[in-house]
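Report on the following structure.
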Amino acid sequence: MKFGITTSKIDEIGLIARAENLGYDFCWVSDTQMIRSNPWAVLALAAHQTRTIRIGTGVAVAGLRLAPVTANAIATINRIAPGRTFLGIGTGNTAMRAMGQAPMGVKAFGEYIRVVQGLLKGDEVEYTLNGVTHPIQFQNQEFKYIDVENHIPVHVGGFGPRAQALAGEIGDGLITGIPRGGTIPQAMKNVQKGAKKSGRSLDRFETFGLVNILMLKPKEKLTDESVIMQCGSAIMANIHFVVDWVKETGNPPPEYILPFWDEYIDFHKKRDAERAHMKLHQSHYSYLDPEEARFITPDIIKAFTIAGQPDEMVEQLKNLEKQGLDAVNFIAPLEQQYRLIEDFAYNVISRM
């Protein structure tokens with residue numbers, strides 16, 4: 001199994017270098033323009049200050065920029081870090097919803113990826129913008145402004161069946177989440193359905209999972225404040241996703257959130273209606289909103305995290321690996337990120 005971290009802060013490139021030294025395999029840089037630093041600036045700095053760790057977006061949001069712009073951006077990073085660059089791409093959860101906008105639909109998302117992949121292969125592709133279609137291709141490739149000679153894998157973000165199937169149909173990998181992306185066997189079944197549709201092999205296909213981790217120290221309890229602060233922001237980011245998902249789809253909330261669903265919705269509705277979309281995502285994977293801390297119960301922690309003593313976490317990760325998961329990534333709260341990536345490397349990765 002491969003291991004990765006996530007960062008998005010322009011002046012914390014040292015975290016990526018530290019992860020590289022600790023043996024992490026890859027780093028995601030997120031694309032959330034209302035909350036984080038610009039991902040391409042972060043990746044450019046990371047490319048210069050690292051040597052072996054794989055770097056890329058986790059995930060770039062299709063609705064924020066034109067497909068040729070995204071292709072150019074990652075190909076530019078690939079010029080600095082050839083052969084260790086990848087493009088994780090998604091329809092846009094927090095990035096779009098923090099502006100009160102819906103994510104891109106799966107059909108449009110598939111077309112977007114088609115254009116990006118074609119350009120990253122150096123091909124000429126048909127591209128439609130504002131109702132006008134023309135062939136486009138990266139020009140002057142001999143001047144090396146970008147690098148499309150070294151392959152850039154495209155990992156498709158998919159938390160639902162259709163997006164997961166799209167990953168199997170056209171992607172080099174799937175990025176999903178646990179538990180909101182379903183179980184790994186369920187996700188892989190969708191991936192295989194997509195692969196069958198396009199008649200392709202999944203021999204080199206990789207499945208990445210965004211997970212929440214909680215490493216307990218001896219005698220620590222799930223009700224301890226230090227424990228809640230370690231995993232709370234990651235858990236609440238998942239809950240924020242479900243709130244929007246239920247609102248947009250009309251589907252019932254998943255069972256693991258039912259114990260406090262009504263209470264949370266009542267809490268959410270009391271916020272400023274015009275700014276509720278901003279408040280909902282403001283703390284996204286950065287810190288635990290003090291007003292939301294009461295929702296982090298032992299049952300919720302168990303439902304949302306890989307938790308326990310190091311040996312217990314290793315066992316859980318090995319089980320996920322047997323199910324078909326190739327790599328995991330986690331997002332540590334800002335104030336604890338250096339300590340947590342070190343503790344996880346020393347106590348868990350070293351035992352894998």
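No lab work stands behind these numbers, since they all come straight from the coordinates. This one's a predicted model, so the numbers in the text were calculated from it and none came from an experiment. Every residue, glycine as well, gets a Cβ built from its backbone with ideal geometry; the counts of neighbours run over all protein chains shown.
Couple of notes before you dig in:
- With Rh defined as the Kirkwood radius, the inverse of the mean 1/r over Cα pairs, the Rg/Rh of segment 273-312 is 1.11.
- When the chain is reduced to its Cα atoms, the Kirkwood hydrodynamic radius in Å: 20.8
- Treating r as the C-beta distance of Arg204 and Ile10 and R0 as 51 Å, the FRET efficiency rounds to 0.95.
- Sorting 123-134, 340-351 by average packing, meaning the other beta carbons within 10 Å per residue, from highest down gives 340-351, 123-134.
- Solution diffusion estimate, µm²/s, Stokes-Einstein, segment 110-250, Kirkwood Rh from C-alpha pairs, 25 °C, viscosity 0.890 mPa s: 136
- Fraction of beta bridges assigned by DSSP in segment 1-132 that are antiparallel (%, nearest 5): 5
- Kirkwood Rh and Cα Rg combined as Rg/Rh, segment 58-165: 0.97
- Straight-line reach from Lys221: taking Cα to Cα under 21 Å and skipping same-chain neighbours fewer than 8 places apart, the lysines in range are Lys302.
- One quarter of the convex hull surface built on the alpha carbon atoms of segment 1-79 amounts to 5.2 nm², the projected area averaged over directions.
- Look at His48, His281 and count the other Cβ atoms within 10 Å of each Cβ; fewest to most, that gives His48, His281.
- As a length-normalised measure over Cα pairs under 8 Å and 6 or more apart, the relative contact order of segment 198-289 settles at 34 percent.
- The residues neighbouring Ile213, those whose beta-carbon lies less than 12 Å from its own, together hold a net charge of -2 under the Lys/Arg +1, Asp/Glu -1 convention.
- Evaluated at q = 0.21, 0.22, 0.24, 0.25 Å⁻¹, the base-10 log of the normalised Debye intensity for segment 249-340, with identical point scatterers placed on the Cα atoms, takes the values -1.29, -1.33, -1.38, -1.39.
- Among Trp28, Trp245, Trp40: highest mean-square fluctuation, GNM of the chain, C-alpha pairs under 10 Å: Trp245
- Beta bridge orientation in the chain: antiparallel %, DSSP, nearest 5: 15
- Average Cα contact separation per residue, the chain, under 8 Å, 6 or more apart, as relative contact order %: 17
- Here the Debye sum runs over all C-alpha atoms of segment 1-136 as equal scatterers in vacuum, and log10 of I(q)/I(0) at q = 0.13 Å⁻¹ comes out as -0.57.
- Residue-wise HN-Hα coupling along segment 47-54, computed from phi with Karplus coefficients 6.51, -1.76, 1.60 (Hz; x: Gly, Pro): 4, 6, 9, 10, 10, 10, 5, 6
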